[in-house]
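The values are calculated or read from the model by the stated rules, or taken from the named source; none is laboratory data. Bear in mind the structure is a predicted one, so any value in this text is a computation, not a measurement. Positions of Cβ are backbone-derived with ideal geometry, glycine not excepted, and every protein chain shown enters the neighbour counts. These area figures cover heavy atoms from the full protein model, side chains too; ligands, DNA and RNA do not enter into them. Shrake-Rupley method; radii C 1.70, N 1.55, O 1.52, S 1.80 Å.
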Amino acid sequence: MKLGVNIDHIAVLREARRINDPDPLQALGICQRAGADQITIHLREDRRHIHDDDAAAILLHSPLPVNLECAVNGEIIDFVCRHRPLRATIVPEKREEVTTEGGLAVTDKPRGLREVIRRLHEAEIEVSLFIDPHPDAVLAAKELGADWIEFHTGRYANIHAMLYGNLRHTRHSIPELELPRRELKQMLAEELEIVQRLAEHARGIHLRVAAGHGLNYQNVAPIAAVEAIEELNIGQSIVARSVFVGLERAVREMREMIG
Ligand code: PXP
């Protein structure tokens with residue numbers, strides 16, 4: 001299983017103080033030493049963490065392939081086409097959200113998205129679409145000409161956190177998931193089964209499959225065991241752990257956990 005380390009969260013810490021420290025650029029060599037396969041960054045429309053100069057420097061200096069996440073936004077797509085990462089992952093974006101809350105709306109196959117995929121391909125950039133694990137979304141991604149899909153594992157992660165993690169009965173609890181454990185167990189098994197089945201289906205129609213969002217040291221193993229998934233992109237949990245054990249160990253532990 002390939003590991004993409006999403007280093008946005010290092011820039012989140014920097015922006016909390018609006019200074020130059022910690023610099024996400026310094027994470028590149030550490031991630032490589034610790035066995036990561038890819039660096040993932042998200043250039044958000046509001047530039048709340050990664051800025052254009054970060055992305056340009058990361059793309060120039062990264063010893064690992066870079067997966068650049070971005071929205072369907074003309075100005076950002078211009079930037080991506082100019083700087084040519086190995087892959088661009090198209091994500092939905094709402095300014096008011098704390099993080100990417102769900103998958104891209106692909107089932108209507110919007111013209112804007114089709115045009116963005118065409119432009120990225122013209123610049124020889126692989127295209128991944130960040131979608132919810134839903135059969136219609138997989139088919140639409142294929143019809144739109146994506147090379148990759150990335151399944152949004154947020155629902156899986158939320159159910160897991162409410163069942164086994166530390167969210168239940170806290171101020172970060174998810175009200176619609178305040179359910180009996182038996183029900184949550186069933187939902188978790190179903191969600192995993194959906195991801196597994198759709199990943200196999202996607203691979204069968206020649207889409208490459210990644211997954212990410214909310215994956216952590218507690219919940220990652222069953223997703224990492226899905227054979228049709230090639231790659232996981234993980235940010236928050238790795239950077240959170242790095243505060244206590246250092247980035248190299250945090251990445252290495254995740255690397256070992258996902259096999
Ligand atoms: N993959 C995509 C497409 C994302 O947007 C994100 C969140 O930035 C991640 C993976 C990583 O999610 P997390 O930070 O929850 O591990």
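Once you put a point 7 Å from the Cα of Asp108 and another 7 Å from the Cα of Glu143, both along the Cβ direction, what distance in nm separates them? Result for the modelled spin labels: 1.4 nm. The alpha-carbon of Lys109 sits under 13 angstrom from the alpha-carbons of these aspartates and glutamates, leaving out residues fewer than 8 places away in its chain: Asp136, Glu143. Whole Å is fine, so just give me how far the alpha carbon centre of region 49-85 lies from that of region 228-242. Between the Cα centre of region 49-85 and that of region 228-242, the gap is 19 Å. Accessible surface area normalised per residue over the chain is 48 Å², counting heavy atoms of protein chains with a 1.4 Å rolling probe. Three semi-axes describe the equivalent ellipsoid of region 109-164; taken as square roots of 5 times the Cα gyration tensor eigenvalues and ordered largest first, they are 28, 12, 8 Å.
Building the convex hull from the alpha-carbon atoms of region 147-259 and averaging its projection over directions returns 7.5 nm². Convex hull volume of the C-alpha atoms in region 1-130, normalised per residue: 111 Å³. Based on DSSP H segments of at least four residues, each scored -39500 (n - 2.57), the chain has a per-residue ellipticity at 222 nm of -14000 deg cm²/dmol. Per q in 0.08, 0.09, 0.12 1/Å, what log10 I(q)/I(0) does a Debye calculation on the alpha-carbon atoms of the chain return? Here log10 of I(q) over I(0) equals -0.30, -0.38, -0.69.
Counting only lysines at least 8 places from Lys2 when in the same chain, those with an alpha carbon closer than 27 Å to its own are Lys142. Carbon-plus-sulfur accessible fraction, region 167-240 (probe radius 1.4 Å, protein heavy atoms only): 52%. Over region 67-191, the reciprocal of the mean inverse Cα-Cα separation, the Kirkwood hydrodynamic radius, stands at 16.0 Å.
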